[in-house]
Amino acid sequence: MTRRIVDLTFPIHEGMTTFPSSCHTAVKVTRLGQHEVDHRETRKLELGTHTGTHCDAPCHFIPGGDTVDRLPLDVLIGQAFVADFSGVRHREADVPDFEKQLGTRHAERLIMRFDWSEHWGKSDYYTHSPFISHRAARWLTDRGVRLLAMDIPSPDNPAECFGSELDSPNHKILLENGVILVEYLCNLKALNQPEVELIVLPLKVLGADGSPARCVAIESI
Ligand SMILES: [Zn+2]
């Protein structure tokens, strides 16, 4: 049996897309050591905890919730099912959409594929992204999903995100129930199989609400 490793992570660089609010920051990469001067090369990184492909820990929205350094590795790494919504015309994935994909399958880790990563860097990436219904968020927690990964910026309707009255209700439902969120995945259309081994490795930043994460899927051929 051979393995096929697929990188699901956006590159980190200056000028990359970041969520436009005061809660997030632009990326800065500053060269410190230089070969010509210091005989070595080093850099300083300035990143937000939700920069690029990243994990949300429960404490992102839930006071006292788990922090990113405490997320269990046995949830971050393991078999995941890919729910393919790329052909679905409506923007809101509801319970029947999940039922159709999952059937009776129990998926501890679920990857939602919309192919929305193709809008990365475009003006509609945040404003018109697909999302899941409140009912679906509750249904997923009831079904025992522990990690929900997606190639969209958020499980929430853009009309219900930062600055809105409800302010990210799906984030709250999922994180309150200890579901780890992995947002801004890319390259999901490179996957050929509905079940993969998913590896999500956020930085171990003590007490943090999230972290950029290298995410890969492994297919066995
Ligand atoms: Zn986030």
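The values are calculated or read from the model by the stated rules, or taken from the named source; none is laboratory data. Every value quoted in this text rests on a predicted model; they were computed, and no experiment measured them. Methodologically, a virtual Cβ is constructed for each residue, glycine included, from the backbone with ideal geometry; neighbour enumeration extends over all protein chains shown.
For segment 89-112, does any single residue satisfy the condition of being without any contact (Cβ under 8 Å) to a residue 12 or more places away in the chain and surrounded by 15 or more Cβ atoms within 10 Å (Cβ to Cβ)? Scanning segment 89-112 turns up no residue that is without any contact (Cβ under 8 Å) to a residue 12 or more places away in the chain and surrounded by 15 or more Cβ atoms within 10 Å (Cβ to Cβ). Among the residues of segment 210-220, at least one is in a strand (DSSP E or B), away from the ligand (no atom under 16 Å from the Cβ) and either among the aromatic types (Phe, Trp, Tyr) or at pLDDT below 95 (or both).
From the list 152, 173, the lone residue that is β-branched (Val, Ile, Thr), part of a loop (DSSP other than H, G, I, E, B) and within 16 Å of the ligand (Cβ to nearest atom) is 152. Within segment 55-72, not a single residue is assigned to a helix (DSSP H, G or I) and more than 30 Å from residue 27 (Cβ to Cβ). What number of residues within segment 32-54 satisfy the criterion of being within 28 Å of residue 121 (Cβ to Cβ) and outside any loop (DSSP other than H, G, I, E, B)? Within segment 32-54, residues that are within 28 Å of residue 121 (Cβ to Cβ) and outside any loop (DSSP other than H, G, I, E, B) number 5. Can you find even one residue in segment 52-72 that is away from the ligand (no atom under 16 Å from the Cβ), of a type in the set (S, T, N, Q) and touching a residue at least 40 places away in the same chain (Cβ under 8 Å)? Checked against the condition, which is being away from the ligand (no atom under 16 Å from the Cβ), of a type in the set (S, T, N, Q) and touching a residue at least 40 places away in the same chain (Cβ under 8 Å), segment 52-72 yields no hits at all.
Look at (1) assigned to a loop (DSSP other than H, G, I, E, B); (2) farther than 18 Å from residue 186 by Cα and you find that residue 29 fails only one, number (1).
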